[in-house]
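Okay, structure first, notes after.
The values are calculated or read from the model by the stated rules, or taken from the named source; none is laboratory data. Values in this document were obtained by computation on a predicted structure and should not be read as measured data. Cβ: placed from backbone, ideal geometry, glycine included. Neighbour counts: every protein chain shown. With ligands, DNA and RNA removed, areas are computed over all heavy atoms of the protein, side chains included. Shrake-Rupley method; radii C 1.70, N 1.55, O 1.52, S 1.80 Å.
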Amino acid sequence: MQWLFALTGNFPCNCRESLTAITGTYILQQTKDASLSIERKHKDDSTYKREVQYAIEVKFIHPFNARNINMLEEVITDNEKLRLATEHSDGFTKAINLVFCSSQEKVRSDRKDPVINRIREYIRNGRTVHENREYKVPEAALNAFIDSHLDESRKNTDKPITWPAKGTMNSGDWRNELISTIIR
């Protein structure tokens with residue numbers, strides 16, 4: 001048996017330690033050897049769909065990209081990829097979208113809402129309107145916005161925001177336990 005832990009995105013130093021500190025070991029699950037997974041797809045499709053237990057997308061918002069509207073678009077795109085992962089596994093794969101923010105809100109040159117606010121509200125409300133189109137967080141996915149930054153020489157760390165919100169799901173939902181681990 002091997003451990004399979006798949007993340008996508010760009011990772012700064014010590015990302016794995018930070019992610020483990022926030023989510024604990026709940027995300028890690030034992031799976032069979034990933035290198036044989038593709039071969040098994042052709043032999044037994046239903047077993048193959050159960051190979052990947054979690055699909056995780058991670059984004060980091062930092063001072064250099066905090067004004068860039070592409071960050072909102074990337075979070076929306078990540079949710080679409082997670083929706084597809086859940087659908088193609090017949091709901092077996094658990095989808096998680098983590099957005100880490102280490103920057104204060106930055107005023108945009110076009111004077112529209114700061115990108116960080118828009119991402120935060122998208123995850124809090126489960127929907128957003130961007131370029132005259134409405135986007136929703138997939139029903140089966142867990143989204144979390146984790147914000148911690150320096151604010152006038154003091155550390156500002158808010159409680160993580162999740163969609164769905166803590167306590168809004170059935171007691172048997174896998175997201176309840178994970179949210180309780182993230183938000184204490």
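Please state which one of ALA66, ALA95, ALA141, ALA85 is open to solvent by less than 50 Å² (accessible area, probe 1.4 Å), of a type outside the set (Phe, Trp, Tyr) and in contact (Cβ under 8 Å) with a residue 60 or more places away in the chain.
ALA141
Looking at the range 103-128, I want the residues that are of a type in the set (S, T, N, Q) and have a partner that is open to solvent by 40 Å² or more (accessible area, probe 1.4 Å) and in a helix (DSSP H, G or I) with Cβ atoms under 9 Å, at least 6 apart or on another chain. Which pairs are those?
THR128/ARG118; THR128/GLU121
What are the residues in the range 100-149 that are more than 30 Å from THR86 (Cα to Cα) and in contact with a strand residue (DSSP E or B) (Cβ under 7 Å, 6 or more places away or on another chain), if any?
Hits for the range 100-149 are SER103, GLN104, HIS149.
Could you please find all residues in the range 69-82 being surrounded by 18 or more Cβ atoms within 10 Å (Cβ to Cβ) and in a loop (DSSP other than H, G, I, E, B)?
Those that are surrounded by 18 or more Cβ atoms within 10 Å (Cβ to Cβ) and in a loop (DSSP other than H, G, I, E, B): none in the range 69-82.
Tally the residues that are assigned to a loop (DSSP other than H, G, I, E, B) and either of a type in the set (Val, Ile, Thr) or farther than 16 Å from ASN70 by Cβ (or both), restricting the search to the range 95-137. Please lay out each step first, then the result.
Taking the range 95-137 first, the residues assigned to a loop (DSSP other than H, G, I, E, B) are 102-114, 126, 131-132, 137.
Within this subset, residues satisfying the condition of being either of a type in the set (Val, Ile, Thr) or farther than 16 Å from ASN70 by Cβ (or both) are 102, 104-105, 107, 111, 126, 132, 137.
So the count comes out to 8.
Hey, among ASN125, ASN143, which residue is in contact with a Leu (Cβ under 9 Å, 6 or more places away or on another chain) and on the phi < 0 side of the Ramachandran plot?
Answer to the selection: ASN143.
When only residues in the range 98-116 that are farther than 18 Å from ILE76 by Cβ and not basic (Lys, Arg) count, which is most open to solvent (accessible area, probe 1.4 Å)?
Looking at residues that are farther than 18 Å from ILE76 by Cβ and not basic (Lys, Arg), I get SER109.
May I ask you to verify whether THR181 is open to solvent by 40 Å² or more (accessible area, probe 1.4 Å) and among the β-branched types (Val, Ile, Thr)?
Criteria not met by THR181.
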